[in-house]
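Student: Just dropping this structure here.
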Amino acid sequence: MAVHDVDATLLIKRVAEELKKEPQIKPAAWAPFVKTGMSRERAPVQSDWWHVRAASILRKLFVLGPIGTHKLQTLYGGRKNEGMAPEHFYPGAGNNIRKILQQLEKSGLAKQTVKGVHKGRIVTPKGHQMLEAVAAVIMKEQGVVLPTKPKEALKEAAPEAPAEKVAKKPRAPRKKKEEAPVAQ
């Protein structure tokens, strides 16, 4: 799992560059003017914030999926500065998240699913492959070598089990507890 091994910020930055190549993932017309949540004072300064958020959401789907819009709003929310009053938590903007999830679905990187009681979106094999490929490139740049076949690497690293099974000694029968005399 190379995605878990690399720095999340670097991974998101590189995946955002890959998402810019996807024709289905493009900022909405209102994206330059909108805040990313009530807790924010201004709109994002980065011109490519839509792709960065999409990459971040794709990584969250990989790590936490299945996950829905409401949980993502909680993850991207924050404290609002209320001046002299105490700060309060406000969730992130749901419309941004919802539109990005829909675009990720159209591009084939995410899909809706139900897993037990959890309903939400998960990463498709295409999205998983993209994340793993970008993570592998990052690890290669950092000089970390990943095994090509993880199962074989685990077998090599595991100590060999003894060929013979050791016979267990028979247990001695348990002694019965003596009952205390009841006072009458």
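The values are calculated or read from the model by the stated rules, or taken from the named source; none is laboratory data. The model shown is predicted, which means the values in this text are computed figures rather than measured ones. Methodologically, a virtual Cβ is constructed for each residue, glycine included, from the backbone with ideal geometry; neighbour enumeration extends over all protein chains shown. Protein only, heavy atoms only, side chains kept; ligands, DNA and RNA dropped before computing areas. Shrake-Rupley method; radii C 1.70, N 1.55, O 1.52, S 1.80 Å.
Student: Output yes when any residue across region 11-22 is free of Cβ contacts under 8 Å to residues at least 60 places away in the same chain, among the hydrophobic types (A, V, I, L, M, F, W, C) and loosely packed, with under 13 Cβ neighbours inside 10 Å, and no when none is.
Tutor: No, region 11-22 contains no residue that is free of Cβ contacts under 8 Å to residues at least 60 places away in the same chain, among the hydrophobic types (A, V, I, L, M, F, W, C) and loosely packed, with under 13 Cβ neighbours inside 10 Å.
Student: Can you name the condition, by its number, that residue 105 falls short on among (1) open to solvent by 30 Å² or more (accessible area, probe 1.4 Å); (2) under 18 Å from residue 39 (Cβ atoms)?
Tutor: Among (1) open to solvent by 30 Å² or more (accessible area, probe 1.4 Å); (2) under 18 Å from residue 39 (Cβ atoms), the lone unmet condition for residue 105 is (2).
Student: Any residue at all in region 10-30 that is closer than 30 Å to residue 141 by Cα, among the aliphatic types (A, V, I, L, M) and within 13 Å of the chain's Cα centre (by Cα)?
Tutor: yes
Residues checked against (1) more than 15 Å from the chain's Cα centre (by Cα); (2) more than 22 Å from residue 130 (Cα to Cα):
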residue: 2; (1), (2): no, no
residue: 44; (1), (2): yes, yes
residue: 66; (1), (2): no, no
residue: 74; (1), (2): no, yes
residue: 82; (1), (2): yes, yes
residue: 95; (1), (2): yes, yes
residue: 103; (1), (2): yes, no
residue: 114; (1), (2): yes, yes
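Student: Working only within region 31-42, note down all residues that are assigned to a loop (DSSP other than H, G, I, E, B), in contact (Cβ under 8 Å) with a residue 12 or more places away in the chain and over 22 Å from the mean Cα position of the chain (by Cα). I'd like the intermediate steps shown before the answer.
Tutor: Of the residues in region 31-42, the ones assigned to a loop (DSSP other than H, G, I, E, B) are 34-36, 38-42.
Filter again for in contact (Cβ under 8 Å) with a residue 12 or more places away in the chain, leaving 34-36, 38-41.
Correct list: 34, 35, 38, 39, 40, 41.
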